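Participant: Right, I'll just put the structure down here and ask away after.
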Amino acid sequence: MARNVIKGGDLMLFLKEASGTVKSIAFATSHTLTVSTDTQQTSTKDDGGKFQSSDYGIISWSASSENLCSYDGAGYNYQDLINLMLSQTKVTATFTVEGSSGSTYPYTSKLNSVDDATGDVWAPANKGTIGETSNVSLGYTGSVLITSVEVNAPNGENATFTVQLQGDGPLTQTPTT
């Protein structure tokens, strides 16, 4: 049986401002999507008092990205993200496979690099671009607030930054069309 295992380098986090521009976060080394739910205790005396019973409560979600620092790049750099946070601008985040990754495992057609100056940018995948997933969603999308941008500048090493994004409202499967 063929397995379409997604490589970490192909699964990316994209941001879209109100202007409609969709870009990745520049020089990313790692992305994380976290979805969690609160629970509500539903135990009663009728349950015998030995075991707790629970039900789902409020769902929350967040995303983060770890990146190398730069003033340029084919995506949002740390200054762009700090400025969006300072202006309290909500953005749309999409966690999905990168669009030029290819149509079959191991996604060999992904560009070796991108350059904003020449118009090469990472872009989210669309319906029908990844193997047998032509009729399914390829990721998750929702509105986020940028809650933190942390820049780390150790002596003798590359400067890095981490951005934390807090979901604002529902996280939905990215449309298949």
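The values are calculated or read from the model by the stated rules, or taken from the named source; none is laboratory data. All of these numbers come straight from a predicted model, not from anything done at the bench. Cβ sites come from the backbone with ideal geometry, for glycine too, and all protein chains shown count toward neighbours. Note: accessible area is taken over every heavy atom of the protein model, side chains too, but ligands, DNA and RNA are not part of it. Shrake-Rupley method; radii C 1.70, N 1.55, O 1.52, S 1.80 Å.
Participant: Looking at Ser36, Ser43, Ser53, which is the one that is touching a residue at least 24 places away in the same chain (Cβ under 8 Å), open to solvent by less than 90 Å² (accessible area, probe 1.4 Å) and of a type outside the set (A, V, I, L, M, F, W, C)? So that I can check it myself, show each step before the final result.
Facilitator: Numbers: Ser43 fails: touching a residue at least 24 places away in the same chain (Cβ under 8 Å); Ser53 fails: touching a residue at least 24 places away in the same chain (Cβ under 8 Å).
Answer to the check: Ser36.
Participant: Same structure again: With respect to Ile6, determine if the residue is in a loop (DSSP other than H, G, I, E, B) and over 11 Å from the mean Cα position of the chain (by Cα). Let's see the steps before the verdict.
Facilitator: Values: in a loop (DSSP other than H, G, I, E, B): yes; over 11 Å from the mean Cα position of the chain (by Cα): yes.
Answer is yes for this residue.
Participant: Turning to a different aspect of this structure: Based on this model, can you work out whether Ser30 counts as closer than 24 Å to Thr92 by Cα, small (Gly, Ala, Ser) and without any contact (Cβ under 8 Å) to a residue 40 or more places away in the chain? Before you say what the answer is, go through the steps one by one.
Facilitator: Numbers: closer than 24 Å to Thr92 by Cα: yes; small (Gly, Ala, Ser): yes; without any contact (Cβ under 8 Å) to a residue 40 or more places away in the chain: yes.
Against the criterion (closer than 24 Å to Thr92 by Cα, small (Gly, Ala, Ser) and without any contact (Cβ under 8 Å) to a residue 40 or more places away in the chain), Ser30 qualifies.
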